[in-house]
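Below: one structure, written as C-alpha cells.
Each reported figure results from applying straightforward, stated rules to the coordinates on display, with no laboratory input. The structure displayed is predicted, hence computed values, not measured ones. We place every Cβ from the backbone using ideal geometry, glycine too, and count neighbours over all the protein chains shown.
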Amino acid sequence: MTHPSFISVHRGTAPLVVSLPHTGTDIPDKIAGDLVSPWLARKDCDWWIETLYDFAAELGASVVRTSVSRTAIDVNRDPSGVSLYPGQATTELCPTTTFDGEPLYLDSKGLDVAARRAAYFDPYHAALAAEIEHARSVHGTIVLYDCHSIRSVIPRLFEGTLPNFNIGTNSGAACAPELQAAIEAICDATEFSRVSNGRFKGGWITRRYGAPERGVHAVQMELACRTYMPEPLGPVDEASWPTPYDPAYAAPARAALIDILKACLAFARSHA
C-alpha cells in the first residue's frame with residue numbers, strides 16, 4: 001500500500017500494532033495562515049512520545065504514525081463529530097481551541113472538515129486498518145496499543161493532577177480482562193500512579209478497532225507528561241513548553257513501557 005508522505009508505517013513481524021496519532025507537529029501551509037500562532041497550534045502535541053516508544057519496532061511491533069499536527073484534524077476523534085465524552089469538555093474532530101480553551105484560529109468559521117478528513121484522517125486510518133488486518137491475518141490474535149500523553153494539570157478537562165498512567169480500554173470492552181490486568185500489574189509495581197478507564201477511557205482508535213471477539217485487543221495509554229519529561233505543572237507558555245526530551249528523566253517510565261509492550265506480546269502469543 002502506498003501512503004502519503006506524512007504517514008509513516010513500519011511493518012513488524014510481531015502480533016502488536018502501535019499507533020502514534022498525536023505526535024505530529026507539521027502544520028499544512030493552507031492552514032497555518034489562519035492560526036493564532038504556530039506555538040498554540042502545537043501546544044497539545046503528545047510531545048516526544050515517538051522517541052519514548054522508539055523501542056517498539058525493535059520488539060517487532062508494526063508502528064503507524066502521522067507527522068501532521070492534531071490541529072489539522074484529530075485522527076482519534078469520532079469522524080461523525082459525536083463527542084467521545086458527552087457532557088465533558090473536549091476538543092473537536094477539527095479542534096478550534098486548545099485543551100485550555102484558547103482559540104486556535106483568527107476566525108474558525110468555514111473550516112472545511114470534510115476536506116481535512118479526506119486529506120489527513122482517512123489516510124491514517126487506511127494505514128492503521130491495513131496493519132491491523134495484516135497482523136491479525138498472520139497471528140490470529142493481536143494487540144493494538146495506542147500511545148498518548150497530556151499535560152498533568154488542565155482544569156478545563158479534569159480536576160486536580162492526572163495520574164501518571166491512564167489506561168483506557170473503553171470500560172473493558174476493547175480488550176480481554178487478562179490483558180488489562182497484566183498492564184495494570186506492571187504499572188502498580190512502579191513508583192507511578194495509575195488509573196484504568198478514568199477520565200480517559202480510550203478514544204476513537206481504541207473504540208473503533210478494539211474487537212476481542214475478532215482477535216483485536218485495543219488499549220490506549222495516556223501518560224501524564226510529568227511521567228517521562230520535566231513538566232511545569234499548571235499554565236504553560238511559549239518559553240516554558242515543551243521542555244526538551246531527557247533520556248535520563250524518561251528512563252523509569254520507558255522501562256515500565258517496555259515491560260508493558262512485552263506483556264502485550266506475551267498475551268497475544270498465548271492466544272494465537
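Need the failing condition index for A218 against (1) among the small types (G, A, S); (2) within 23 Å of A266 (Cβ to Cβ); (3) surrounded by fewer than 20 Cβ atoms within 10 Å (Cβ to Cβ); (4) touching a strand residue (DSSP E or B) at 6+ places or on another chain (Cβ under 8 Å), just the number. Of everything listed in (1) among the small types (G, A, S); (2) within 23 Å of A266 (Cβ to Cβ); (3) surrounded by fewer than 20 Cβ atoms within 10 Å (Cβ to Cβ); (4) touching a strand residue (DSSP E or B) at 6+ places or on another chain (Cβ under 8 Å), A218 misses just condition (3). Looking across the range 26-49, the residues that are of a type outside the set (V, I, T), touching a residue at least 60 places away in the same chain (Cβ under 8 Å) and not in a loop (DSSP other than H, G, I, E, B) come down to L35, W39, L40, A41. Restricted to the range 195-215, and to residues there that are among the charged types (D, E, K, R) and surrounded by fewer than 19 Cβ atoms within 10 Å (Cβ to Cβ), the residue that is farthest from C175 (Cα to Cα) is R199. Within the range 1-44, the residues that satisfy the criterion of being more than 20 Å from H217 (Cβ to Cβ) and hydrophobic (A, V, I, L, M, F, W, C) are M1, F6, I7, V9, I27, I31, A32, L35, V36, W39, L40, A41.
Among the listed residues L16, L35, identify the single one that is more than 15 Å from the chain's Cα centre (by Cα) and crowded, with 24+ Cβ neighbours inside 10 Å. When all the criteria are applied, what remains is L16.
For the range 126-140, a residue qualifies if it is surrounded by fewer than 20 Cβ atoms within 10 Å (Cβ to Cβ) and either within 16 Å of the chain's Cα centre (by Cα) or over 28 Å from D34 (Cβ atoms) (or both), and the qualifying residues are A129, A130, E133, H134, R136, S137, V138, H139, G140.
Assess whether T23 counts as being part of a loop (DSSP other than H, G, I, E, B), closer than 23 Å to A253 by Cα and in contact (Cβ under 8 Å) with a residue 40 or more places away in the chain. Explain how you work it out, then say what you get.
Working: part of a loop (DSSP other than H, G, I, E, B): yes; closer than 23 Å to A253 by Cα: yes; in contact (Cβ under 8 Å) with a residue 40 or more places away in the chain: yes.
Yes, satisfied.
Return the residues of the range 38-63 that are closer than 18 Å to K262 by Cα and within 14 Å of the chain's Cα centre (by Cα); say none if nothing qualifies. Spell out how you get there, then give the answer.
Taking the range 38-63 as the starting set, the residues that turn out to be closer than 18 Å to K262 by Cα are 49-63.
Within the range 38-63, I49, E50, T51, L52, Y53, V63 qualify.
Out of the residues in the range 234-272 meeting the condition of being in contact (Cβ under 8 Å) with a residue 40 or more places away in the chain and of a type in the set (F, W, Y), tell me which one is nearest to V219 (Cα to Cα). In this case the residue turns out to be F267.
Summed over the range 59-118, the residues that are of a type in the set (A, V, I, L, M, F, W, C), closer than 23 Å to S37 by Cα and outside any loop (DSSP other than H, G, I, E, B) give a count of 3.
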